[in-house]
Amino acid sequence: MRGGCQWNHLPKEFPDDSSVHRTFRRWVESGVLDLIWEKLVEECEELGGVDWEWQAADGAMGKARFGGTS
């Protein structure tokens, strides 16, 4: 969650980047994202056969702008 989102590149349907970032920080500090993750794990556990060695809530990928590397 540290470098995956450029707040000023969010779709125009979202509020301004400062508002979105403030909301995100509030959710992190209040534990909302941890609760969402716990619920996802709980629901996926019920499906069985989930390999928990590697986890991701979002698998979006794209080219690095300006030829950057990771």
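The values are calculated or read from the model by the stated rules, or taken from the named source; none is laboratory data. Note that the structure is a prediction, hence the values are computed from the model and not measured.
Identify, please: which residue in the range 21-50 is assigned to a helix (DSSP H, G or I) and of a type in the set (A, V, I, L, M) and is, among those, modelled with the lowest pLDDT?
This residue is 47.
Every residue in the range 6-19 that is at pLDDT 90 or above and in a helix (DSSP H, G or I), please.
Across the range 6-19, the qualifying residue is only 19.
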